[in-house]
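Please read the structure below before turning to the comments.
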Amino acid sequence: MDAAQAIAGDVLEATVIYLEKARVAVNGACRGFEGWQIILIAAGVTLLVTRLYNWLDHPRLTIRQRVVHNFWSFLKGLPIIRGKVKAELAKNVQKIGEEMYPTKEGDHFLNRLPADGISSDEIFKRLEQYKTATFADWKGGKVSGCVYGGTEELSTLCAKVYHDFAWTNPLHPDVFPEVRRMEAEVVSMSLKLFHGGPNSGGTMTSGGTESILLAMQTYRDIAWEKGIDRPEIIAAVSAHAAFNKASHYFGIRLILVPNDPKTHTLDVRAMKKKISKNTCCLVASAPSFPYGLLDDIEAVSKLGERYNVPVHVDACLGGFLIPFMEKAGFPLPPFDFRLPGVTSISADTHKYGYAPKGSSVILYKDKETRNFQFFVAGSWSGGIYATPTMAGSRPGALIAGCWATMMYFGERGYVSTTRRIIAETRYITQQLRKIKDIYVFGDPLISVVAVGSDKFDVFRAFAALGKKGWNLNSLQFPASFHLCVTQRQTRTVSDQFIKDVRDCVKEVMKDPGKKAEGAAALYGTAQAIPDRSIITEMARGYLAACYNTAMGESNGVSH
């Protein structure tokens, strides 16, 4: 005890000596400076250090991303470059607008209310004119994904349901208790499909993006409760862009890990290396949108258990196929709440659930987690404001339409449609693998077949298929395209697609070194542009063109 006290005394004495030396050194360094100068220098250094810390500790971007962003911002800010970039972007935006709205002679856009209301007959007449502008043959099965339901009988049912519930709003459950009940039943039926337990819960949303946003906001708030100031999501590069949107909206850092080069699915080892004390959620896809491939969800679940991190399964695309695949004769590895680490699942009822657009469900293993999703403003002067999802008012008619659709199909109906779609997808995959000079990504077990090539610019084949009437999804990193199979791809349509792919590849291979031209060239060019902010500006121009009515010559409705 005496020895310990002696050591402590020596340490204290040494500390006092060093502090005295430091005091003398600082005073010596400040000799010759006036007091106001010392204060100014100290304030300047503090401000500089604070700015550097904030720059390095950005809530969403890594240091590398910040450096790259600032480098390109500097270059684009140079006068000689700024003008050229602005002019080129303006030219591309104008071209996009012209291609998007090809007007016929006598056609015009409306940009003000008609002086007097017009009759129902004339409204329907104008709607028929608008429908003639549709380019893609989605009814004939030449569109990838996009329209999943839409049969005549189901359309009639949903139209009648919409008519009966057009003015309902679940924001007022006391006024519209039937809508509240239908939403609760849709959620309960969905939870049952994914093996939710008695304490599981969820809500309906407007679509897959909102489902993903709500899950990520929930995990961010849970992380905040745990004292994690800078929460991070870890996902594969092939995860849906809605996770990027969640990162942008909610200030969560999104850490993207590569796919396995052989399987093109999430590299679980790479994900494990990125887990830290700030990780608030691990993401797996069932399947991923680009390639339609199922991540190793069981392995991700084990990571979640081991590190006590929530696991979200994004089943927005395949959510109403995968629960029925085993009974349809196509069993899958585990993917749902049967896995201990899986804490939430997003699934779109408006895709393979065939409900009217837009509806989806976000499901949680336990209600306590789900309740973090709810927003409550308890001190608002207008009363207590509480909403379960992002929207305040919501269309009760879409909830009713979703409920009616699920009741219409029933389990056997969904198993039957799943069997047809999966069988058709496997058939297309098998046939495409026989075509020389292209390859199919990974092992597409569900409903998407992605095609690439290491022999030619694949966007040339993509463009050629477009000329044959196919509306497919273009992909990047690497360059590719995919077909998302729906009920509209019958065997006849599938055979036509396979034939058209074979013919287009054969034609392209006559000059394999040639690059894509025209609109198709934009896809390849976009991949090669290192400054992704330029792509952002082009995309914003595209979105702006969707709202452009400046080409309209009339300010009213012609009678």
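Read-outs: derived from the displayed coordinates by stated rules, not from any lab. Just so we're clear, the structure is a prediction, and the values are computed from it rather than from any experiment. Note that each Cβ is placed from the backbone with ideal geometry, even for glycine, and that neighbours are counted across all protein chains shown.
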Discussion item. Using the basic label-point model (7 angstrom from Cα toward the beta carbon), what is the residue 262 to residue 46 distance in nanometres?
Written reply: 5.8
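Could you compute the FRET efficiency for residue 126 and residue 237, with r as their C-beta to C-beta distance and R0 at 51 Å, rounded to 0.05? Let's see the in-between values first.
Details: r = 44 Å, r/R0 = 0.87.
Once the sixth-power term is evaluated, E becomes 0.70.
Kindly state, to the nearest 0.05, the FRET efficiency for residue 455 paired with residue 385, given R0 = 60 Å and r defined as their beta-carbon distance. Don't skip to the end; give the middle numbers.
Working: r = 59 Å, r/R0 = 0.98.
Once the sixth-power term is evaluated, E becomes 0.50.
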Worksheet, complete the sentence: Checking rank on 24-36, 307-319, 183-195, with mean other Cβ inside 10 Å and highest first, the result is 307-319, 183-195, 24-36
Worksheet item: Which of the residue pairs 142/351; 142/514; 192/365; 467/510 have a Cα-Cα distance greater than 20 Å in the structure shown?
Response: 142/514
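Taking square-rooted eigenvalues a ≥ b ≥ c of the alpha carbon gyration tensor, is the range 213-305 rounded, prolate or oblate, where a/c under 1.5 means rounded and, failing that, a/b exceeding b/c means prolate?
Numbers: a/c = 2.09, a/b = 1.52, b/c = 1.37.
Verdict is prolate for the range 213-305.
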Discussion item. Is the C-alpha gyration tensor of the range 147-213 telling us rounded, prolate or oblate? Criteria: a/c under 1.5 is rounded; beyond that, a/b larger than b/c is prolate, otherwise oblate.
Written reply: oblate
Fill in: Three-way shape label, the range 280-406, alpha-carbon gyration tensor, a/c 1.5
oblate
Discussion item. Rounded to whole Å, give me the distance from the Cα center of the range 343-405 to that of the range 8-48.
Written reply: 59
Worksheet entry | Rough spin-label spacing in nm, given labels placed 7 Å along Cα→Cβ, for residue 371 and residue 6 | 6.1
Worksheet, complete the sentence: Zone reached by a paramagnetic label modelled 7 Å from residue 175 Cα along Cα→Cβ, restricted to the range 355-383 with backbone N below 14 Å, covers none
Item to complete: Calculate the length of the line joining the C-alpha centroid of the range 479-494 to that of the range 187-214, in whole Å.
Response: 28
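Taking the mean number of other Cβ atoms within 10 Å as a proxy for protection, how do you rank 379-388, 438-447, 247-256 from highest to lowest? Let's see the in-between values first.
Numbers: 379-388: 10.7, 438-447: 21.5, 247-256: 17.4.
Answer by packing, highest mean first, reads 438-447, 247-256, 379-388.
With r defined as the distance between the Cβ atoms of residue 110 and residue 139 and R0 fixed at 30 Å, what FRET efficiency is calculated, to the nearest 0.05? All intermediate terms of the calculation are to be shown ahead of the outcome.
On the way: r = 27 Å, r/R0 = 0.90.
Calculated value: 0.65.
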